[in-house]
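Would you mind keeping the following structure in view while I ask a few things?
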Amino acid sequence: MRILYGVQGTGNGHITRARLLCSALRLQGIEVDVLMSGRAGTPPKVPEFGDYRSLKGLSFLHQHGRIDRWATLKQLSLVSFAKDVAQLDLSGYDLLINDFEPVSAWAAKRQGLTSLSISHQAAFLYDIPSKDMGLWNRLLTRYFAPCEYNLGVHWCSFNQAIIPPLVANLEHLSNNGKILVYLPFESLVQVCQLLGRFTGYQFICYHPDIKQVQKRDNIQLQPIAREGFIDDLSACAGVFCNAGFELPSEAMAAGKKLLVKPLFGQFEQLSNAYTLQSLGLGQIADSLEPYILDAWLQQDRSEPVHFPDVAKILAEQIKNQQWQDLTLLAKQMWQQVSYPAVSQMSLDNMLSDYGENVGSWAKIKVLG
């Protein structure tokens, strides 16, 4: 069996999820080729991807913690995108797995290759709580990287074809009292100004603008490196990050308290942030205000959420050609998930509201 794995390169969450599933698929004896698009600059080295192909694709630009729609529109090259779609030959593949990557998705649609979306974005194709989604974002979610089958990934099933997060089991978990900070969409100067006010705490800050290890009073500045980042995640007391999907998932699986700042203008991050808060799994920082960080720092540590080895289960089902019943596949995985007591109570309340609102999650207001 030969699979093409299309990965969206914007941010690191898609890559984190794909590297786990790629490894699990290869352990099942499946041949996997990877195509990544939407990544600015030099393509990153990802050992789990091997010698992968990189294309420009389509991506979104940001500035000062917000999506910059005008800059995004100016840099789009639809002619180049259409050419890449037309030239991508999928005749040697049995299946496309897609994580919000548009070139391979449209090429598979054009050539009739079976395609399976496994992504957080696919969760928003279903009836789930969301915030500030709007018509434009609904159309974008549906048509940016369309696939024949759609398996969403989220922190709750919402009774849909949605599976738990793909996270690696972190080893040697501890609590050294330090706070891990990863806010790549925010100004590094503003982040350091905020953290520097809290001299009674130690922060480890990763950011794309940091090129070498530095120490500024109570802040340790680290250039982005996956291995060191995972070590710091395993040992920290809490995580302060943007409201993407993969890092909050890793933090809650490791039992780290969580503060998220959503990237405004990005409905997915807004929805993530308020869903986390509604489920009692994290707190929201609407802005880089000291009082928000101060209140969160004084909170007690969190209990972990226990997720199954989703990548292994998926790989086995794909190898055995038993993945097409997405709802059944999702149900089997959620039976192995365990939440902290407070989060389980919040989830039960949401389920009760769901039953009282004519069976529509969209009518349930997430907190905030």
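Values quoted throughout were computed directly from the atomic coordinates according to the rules given, and no laboratory measurement underlies them. What you see is a predicted model; the values in this text were computed from it and never measured. Positions of Cβ are generated from backbone atoms using ideal geometry, with glycine treated the same way; all protein chains shown enter the neighbour counts.
Can you classify the range 170-238 as rounded, prolate or oblate using the Cα gyration tensor, where a ≥ b ≥ c are the square roots of its eigenvalues, rounded means a/c under 1.5, and otherwise it's prolate if a/b beats b/c and oblate if not?
Note, shape of the range 170-238 comes out oblate.
Can you tell which of SER346, GLN28, PHE307 lies farthest toward the positive end of the dipole of the chain, using +1 and -1 charges on the Cβ of basic and acidic side chains (Lys, Arg; Asp, Glu)?
Going by the Cα projections, it comes out as GLN28.
A further question follows. Subtracting the Cα-Cα distance from 0.36 nm times the residue separation, let me have the gained length for ALA225 to ASP348 in nm, one decimal.
Full extension of this stretch gives 40.4 nm more.
Also: Determine the dipole magnitude for the chain: charges of +1 sit on the beta-carbon of Lys and Arg, -1 on that of Asp and Glu, nothing else is charged, the reference point is the Cα centre, and the result goes in debye to the nearest 20.
So the dipole magnitude of the chain works out to roughly 720 debye.
Which pairs, out of LYS56/LYS83; LYS178/LYS256; LYS215/LYS261, put more than 22 Å between their alpha-carbon atoms?
Check vs 22 Å cut-off fails for LYS215/LYS261.
Rounded, prolate or oblate: which fits the range 190-320, taking a ≥ b ≥ c as square roots of the Cα gyration tensor eigenvalues, rounded meaning a/c under 1.5, else prolate when a/b beats b/c?
Since a/c reaches 1.5 and a/b is larger than b/c, the shape of the range 190-320 is classed as prolate.
How far apart, in nm, are two points set 7 Å out from the Cα along the Cα-to-Cβ line at VAL189 and at ASN218?
2.3 nm
Ok, one more. Work out how much length ASP127 to SER287 would gain on full extension: take 0.36 nm times their residue separation and subtract the Cα-Cα distance, in nm to one decimal.
Once the chain is fully extended between ASP127 and SER287, it gains 54.7 nm.
Follow-up question, since we're still on this one. Using r as the Cβ-Cβ distance of SER77 and GLN111, and R0 as 30 Å, what FRET efficiency do you calculate, to the nearest 0.05?
0.85
Sorting check: for 189-201, 147-159, which peptide has the highest mean count of neighbouring beta carbons within 10 Å, and how do the rest follow?
147-159, 189-201
Determine the calculated [θ] at 222 nm for the chain from helices alone, applying -39500 (n - 2.57) to every DSSP H run no shorter than 4 residues and normalising by the residue count; nearest 500 deg cm²/dmol.
Helices in the chain give a 222 nm mean residue ellipticity of -11000 deg cm²/dmol.
Using θ = phi - 60° and the Karplus curve 6.51 cos²θ - 1.76 cosθ + 1.60, what whole-Hz ³J(HN,Hα) does each residue of the range 198-206 get, with Gly and Pro shown as x?
9, 5, x, 10, 10, 10, 10, 10, 9
With a point put 7 Å past each Cα toward its Cβ, work out how far GLN28 is from GLN322 in nm, to one decimal.
1.0 nm
What FRET efficiency, computed as 1/(1 + (r/R0)^6) with R0 = 41 Å and r the Cβ-Cβ distance, is obtained for THR199 and HIS172, rounded to the nearest 0.05?
Approximately 0.90, to the nearest 0.05.
If you build a Gaussian network model of the chain, linking Cα atoms that sit under 10 Å apart, which residue out of ARG26, ARG17, ARG216 swings the most?
ARG216
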